[in-house]
Structure formats: C-alpha cells, structure tokens
Amino acid sequence: MSLPSAVRAAAVAAGVLVLAACGDAGDPRPDLVFVSTRDGDYALYAMNADGGRQQRISDEEPDVSTTGAVFFQVDPAFSPDGRRVAYASRRGGSFDIYVSNVDGTGVTRLTSTDADDRRPSFSPDGRQIVFTRGEDGDLYLMNADGSNVRRLTTDPTEEIEPAWSHDGSSIAFSRRTPGTDAYEIWVIRPDGTGRRRVTRLRAASYTPSWSPDDGRIAFASGARDSRYEIYTVGADGTELRRVTRSEEDAFDPAWSLDGASIAFSRGGAIVVVDVEEGSEDRLTSGRNNDSSPAWNPRPPPEE
C-alpha cells in the first residue's frame, strides 16, 4: 500500500459513500460526492454544494459491529452525465469496482478478483473506466459494464490513482520513482502510448485532478517539509503553483466545474479553496472523517 493510501485508510477505513445533491431538489444529479463516517454506518447522504440540506438517501446497512458489514465504500467518481457513481467497495473481501445510480439504487459489481481494484475514473464518453489493480499498482481499462478488462501499463513500479482528462486524450496518474519513496505525476494516452512525466518534485505526489480545460492538473504533494498541500501544474509540466497553506495535511483535490475552485479533504472535513485568491470555505464539520470529494462533471439542468 502506498503512503497516501495508508494515510487515507485511517480516515476512511469506516468509510461511507456520500452524495452531495444539487441545489435544486428536483434534480437527480448531485454536485459532489465524497466519503464519510457519519452515523457510524455505511450510508449515502445528500447536501447542497455549499454544505446545506444534508440528508441521508440510502437504506441502513446491517449491524456495523460485524465484520461482514464492513464494506469500505471509497474512491467515488461520477459518470460524465452525472447520473451514476463508480466507487471501490470491500464487500467481497478485496476491493472491487461498483457502480450505482446517484440515489444509491441499481448497484452493479463490475470487477471480482482477489486483487484490490481502486480509484475508478470514467472516460468522457462514459464507455470506459480506468482503475488501479493490485498491491504493485498497475493501471487497467474496462468497458463501463465491466467487460473487456485489459492492462494499460506494465511497468514494474507502482502506478496508481488514474484520472481521465475531459477531452479523453490523456490519463494522469501517480507513479513511484523506482528505488525511492517519491511519487510523481505522469500522463499516458488511453492506448498506452505517449507516457511522459509532468512533475519533478522528488516528493510524494498523488491524486491528480484535471482542470475543466485540461490545461492544468491539481494534486496533493508532500513537497514542503513532508506536509501535504494542494498544488497545480500545467499539463506540460510548467508553472507549478501551491494552492493551500496550512499546518494540516491536505489530500484528494477535485477541480470544480467552472475551474474557479478546488475541493479537497483536510482534518476530516471537505474544504473548497479559491484557486486564484487562496480563500477557503469548509463544507463539512470535520467530525466525520470526510474525504475524497468529486465534483459532478455536468451542471444542473436549467429550470
């Protein structure tokens, strides 16, 4: 398990998949998804993008004191139309990829192996999903219905946490530098060609997230005194910028639809930071181990 996975595991081991609903109560597409431990069990919740109108939208799970009820629902990712959510769940003993409607119905298991499958990311046309498989961290592709699973990368070093660009041309991921504990951000084409390195920080850099125009990539990195902060960098590797400044670690960046802000997790809360000004707003209380936010890629329908 990589360092960020180990750090985040403590926060999401009792994880809950949470859905943040749009401001319009009649719109079935949420604004955000994230992971939380509220209520002590494993449930889906809804709230506005500003943190208001929080509500539970899934049925109660079995007694969470039993091992069989530990599902570890983590790594949520929206489909391009904003109507489905893919995520990793440990229902079968190892992590597998599942997909459901945004209201928690229609759950479908897409993978079923002894290896851990994590971090799903949809292609922009919704037809494919890229994900990480195994302790050694290889990138795999499959059709959105779980068929035609095939390996994208074969490098012996760890390659994890893929994120598909909005134009479909590239997949960003975190790659361990052989012989070190450093992870850098790389990109690769969906056909396995065009592999190139984006960051050169010689630090632990994880969870890439594309800006809406695909011009920049946000990521979490321990480049500053091993404290994790949110950074952005041009897709060509230029113009590195530090976005957050705090005494607490920041993880799991997710770029907003308009590109003006980035949601991330810090201290068990979901926080949103203005990319240009650096001002922050906390969306959740921080009492529930909230993490792994993901913005809906589609705006709500006009009234």
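Couple of notes before you dig in:
- Accessible-area composition of the stretch 73-219, carbon plus sulfur, in percent [1.4 Å probe]: 41
- Rolling a 1.4 Å probe over the protein chains gives ASP213 an accessible area of about 120 Å².
- Length added when fully stretched, ASP167-ARG90, from 0.36 nm per residue minus Cα-Cα: 24.6 nm
- Between ASP145 and GLU247, the modelled label-to-label distance comes to 5.5 nm, taking each label 7 Å out from Cα in the direction of the beta carbon.
- Length gained when the stretch LEU240-THR105 is fully extended (0.36 nm per residue, less Cα-Cα span): 44.5 nm
- Shape descriptor for the stretch 162-211: Rg over Rh equals 0.98 (Cα atoms; Rh from the Kirkwood inverse mean 1/r).
- Computed with every protein chain present, the accessible area of PHE72 is close to 40 Å² [probe 1.4 Å].
- Residue-normalised accessible area of the stretch 67-142, given per residue in Å² at a 1.4 Å probe: 37
- Centroid-to-centroid, using Cα positions, the stretch 166-217 and the stretch 96-137 are 20 Å apart.
- Calculated FRET value between ARG224 and ARG197, using beta carbons and R₀ = 30 Å, to 0.05: 0.90
The values are calculated or read from the model by the stated rules, or taken from the named source; none is laboratory data. Model, not experiment: these values are computed from the prediction. Please note: Cβ atoms are built from the backbone with ideal geometry, for glycine as well, and neighbour counts cover all protein chains shown. In case anyone asks, the SASA skips ligands and DNA or RNA and just uses the protein heavy atoms, side chains included. Shrake-Rupley method; radii C 1.70, N 1.55, O 1.52, S 1.80 Å.
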